1. So which pairs qualify, if the first residue must be in segment 600-613 and among the small types (Gly, Ala, Ser), the second must be at pLDDT 95 or above and open to solvent by 40 Å² or more (accessible area, probe 1.4 Å), the Cβ gap must be under 6 Å, and the two must be at least 6 apart or on different chains?
2. Being more than 38 Å from the chain's Cα centre (by Cα) and open to solvent by less than 60 Å² (accessible area, probe 1.4 Å) is the filter here; which residues of segment 303-334 pass it?
3. Hey, does segment 524-534 have a residue that's surrounded by fewer than 24 Cβ atoms within 10 Å (Cβ to Cβ), touching a residue at least 12 places away in the same chain (Cβ under 8 Å) and not aliphatic (A, V, I, L, M)?
4. Which one is farthest from the chain's Cα centre (by Cα), of the residues in segment 578-606 that are open to solvent by less than 40 Å² (accessible area, probe 1.4 Å) and of a type in the set (Ser, Thr, Tyr)?
5. Could you list, in sequence order, the residues of segment 653-712 that are open to solvent by 60 Å² or more (accessible area, probe 1.4 Å) and among the acidic types (Asp, Glu)?
6. Quick one: would you say residue 492 is surrounded by 20 or more Cβ atoms within 10 Å (Cβ to Cβ) and touching a strand residue (DSSP E or B) at 6+ places or on another chain (Cβ under 7 Å)?
7. Among (1) over 11 Å from the mean Cα position of the chain (by Cα); (2) within 28 Å of residue 644 (Cα to Cα), there is one condition residue 104 misses while meeting the rest; what is its number?
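The values are calculated or read from the model by the stated rules, or taken from the named source; none is laboratory data. What you see is a predicted model, and the numbers here were worked out from it, not measured in a lab. All Cβ positions, glycine included, derive from the backbone under ideal geometry; neighbour counts span all protein chains shown. SASA here: full protein model, heavy atoms, side chains in, ligands and nucleic acids out. Shrake-Rupley method; radii C 1.70, N 1.55, O 1.52, S 1.80 Å.
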Amino acid sequence: MKTEAELRHLLSEMTQEEKIAQTTQVIINYYQKTGTEVTGPMGQLGIKSESMKDLGSVLGTAFAEDVIAIQKKYLAENRLHIPMLFMTDVIHGYRTIYPIPLGLGASFDPALVEECSAMAAAEASANGIQLTFAPMADYVRDARWGRVMESFGEDPLLNSTLCAAETVGFQGRDGDVSKPDRIAACVKHVAAYGGAESGRDYNSVEISERLLREYYFPAYKACIDAGAKALMPSFNSLNGIPSTANSWLMKEVVRGEWGFDGVAISDWGAVMELVRHGVAADRKEAARLAGENECDIEMMSSAYYNHLAELVAEGIIRQETLDRMVLRILRLKNDLGLFDDPFHGASPEKAKALSLCEAHRALALRAAEESAVLLKNDGVLPFSTEVKKIALIGPYASEHAIIGQWKARGLAEESVSVEEGVRRLLPDTEILTATGCSFLWDDLSEEGFAEAVETAKGADAVILCLGEPDRYSGEGKCRTDLRLPGAQEKLAKAVSTVNKNTALLLFAGRPLVLTEVEKTVPAILEMWFPGNEGGNAAAHLLFGKACPCGKLPMSFPKATGQVPLYYNRPSTGRPKKKPEGVYEDFTSNYIDCGNLALYPFGYGLSYASFVYSSLTLDKTSLDPDGELTVTVRVKNEGSVEGKETVQLYLRDLVASTVRPTQSLIAFEKVTLAPGEERDVVFKITEPMLRFYDFHCVFRSEAGEFQISTGCADRLILTKTFTLTEGRS
Ligand code: BGC
């Protein structure tokens, strides 16, 4: 490892061209594998082949062999022997794929998230990856947005907790990313990329500073506090200025208030997109805006490469600014230990041994089981393993593409389909399949219905396997209709009408509108995109070998028109008093739909039966220096062991700004054997009662608070306490 003084000395030896090359990232797919020439879009953007040896980082390599070859060649040619840095998106696994982040969010289990990202880091680093563009800490409320699949959902506490755990998983508990099985984390997309208006990707975001600070910022900050080495500003404009050029955001908040001094990397082409946003007249001005903002690395565009030198020579960008940017990049390389081992332990043999090894598959299986959410169960689940004939119906019955988008090097063909999972679990049972219809939004054909209905009729148990294709969620994949695409709703009705012993398995990257389906299908199990082990997890859950325990990280709307829909909504002056579904004139509600989610945040059933008998407070008044103990008593009155996430919600009854009617302030997942009773204890302290007031001061105010358990919109056992004095 180099000392800070050695790094500064190295910087002092670099030419201006060499410095600027460090700020430039190339994309491996865009130049020839031999690496001798820059071709494709990077070539068209003016990056010269002879610069390759000096460029700072490479995006999108896949295998150890490539990284070793590229590093060897260019390190030998680089005058000062500065190694390249290899980055890619490792979002939910590298070769072994576990559930999409939204699914993992349902686990409410930071330890599991940490284990999964540590596994991904080990596989990725063996393959030569040194930094991942993750966690995606974007807070979300709008299921139309395709990238909700990459988020941990609509609650800032859950999002922050899991994002921090993910960061620690990638970087290790001691944060020493020089160790070969670790990779550096790059938190993204700062800020509020998930707030895209109308749920349309890349769209502008207008959110008050108060909401930004209360809901959107905490998870980014949590990653930084957990030691994330890098950060990516978002594509979107935030209150009028694209993040890449937004100096209030990047300089005042991120580097100033949050004290982040790691590397900032632009998103793909985002520097040059400043021109398309219309905040820069040309690429030179784009380079100026991003450079002045100390966005240290430019991804997939060449504004820095072509204009930074000129901007510094003209005195528009200060030399110290450029030097600070380069020094951060050198520090990151040093933290990764690249000056000692430029390959960071990349090894084809190790990569082969780790990829999809038994231990990794076992973890992916556990993660898929813990992420599934049982949304409805009229008593049909779990199915008996004694059934004689099983019908698997629907486009997902035998489908392998259940690993979702952002799958790094994961392969659909290496995943276990539902059919394979059920056959593996019940090798002697007769299993029939029928596709029934397609899952494409524009394919409404019902030609396969007759066969599907016939197959279902004669079966002892029917597993409907429906959802949206994996390519309907992810970057740029936004939808205006959140119902099951194609003829699937109709198929669900036709099949469940002829056989009441039907359960629906859902595969999707977002909350779907299940209002029609829920009317006829007796049981619904949300699988999200569960990863390589999805089929095994589904079989285990359906037949009782595993007990569902996921809780929704995002509300499932009753109709697409309800979105953005989120449980932690502010009070209005016209709240509806009539029951959900009954219209009430001149109050805040819809004529044609209820206000609430079909399935709210925090909701999820189990095969165990959890009974909450009491919520007790050890005192009714909290001193700002004191602590209040909340005890929730919960018992498993069922006949199987299960896991329950006990949730604690807060309501600030009167405050100087309008507060949400419910906010999650703590949660704990517990395992209870049949008949077991447990006291789950939470501590409340004054800082947990703080909020951003009208002037964005983070403070608490004296007064009454309600505390409840249950899940969003279904709060139970409410108690009240008083905070004697507010603080800031
Ligand atoms: C995405 C980022 C991603 C980057 C590199 C962009 O299009 O917005 O999330 O990290 O590509 O793959």
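1. Here the result reads 608/640; 609/637; 613/633, each pair linking segment 600-613 to a residue that is at pLDDT 95 or above and open to solvent by 40 Å² or more (accessible area, probe 1.4 Å).
2. Across segment 303-334, the qualifying residues are 312, 315.
3. Looking for residues that are surrounded by fewer than 24 Cβ atoms within 10 Å (Cβ to Cβ), touching a residue at least 12 places away in the same chain (Cβ under 8 Å) and not aliphatic (A, V, I, L, M), one finds none in segment 524-534, hence no.
4. Result: 587.
5. The answer is 668, 676, 677, 679, 704.
6. Working: surrounded by 20 or more Cβ atoms within 10 Å (Cβ to Cβ): yes; touching a strand residue (DSSP E or B) at 6+ places or on another chain (Cβ under 7 Å): yes.
Against the criterion (surrounded by 20 or more Cβ atoms within 10 Å (Cβ to Cβ) and touching a strand residue (DSSP E or B) at 6+ places or on another chain (Cβ under 7 Å)), residue 492 qualifies.
7. Just one mismatch for residue 104, condition (1).
Each row is one residue, and each column tells you yes or no for (1) more than 16 Å from the ligand (Cβ to nearest atom); (2) buried (at least 24 other Cβ atoms within 10 Å of the Cβ); (3) more than 18 Å from residue 358 (Cβ to Cβ); (4) not assigned by TED's automatic domain parsing to the domain that holds residue 226.
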{"position": "74", "(1), (2), (3), (4)": "yes, no, yes, no"}
{"position": "80", "(1), (2), (3), (4)": "yes, no, yes, no"}
{"position": "91", "(1), (2), (3), (4)": "no, yes, yes, no"}
{"position": "96", "(1), (2), (3), (4)": "yes, yes, no, no"}
{"position": "102", "(1), (2), (3), (4)": "no, yes, yes, no"}
{"position": "106", "(1), (2), (3), (4)": "yes, yes, yes, no"}
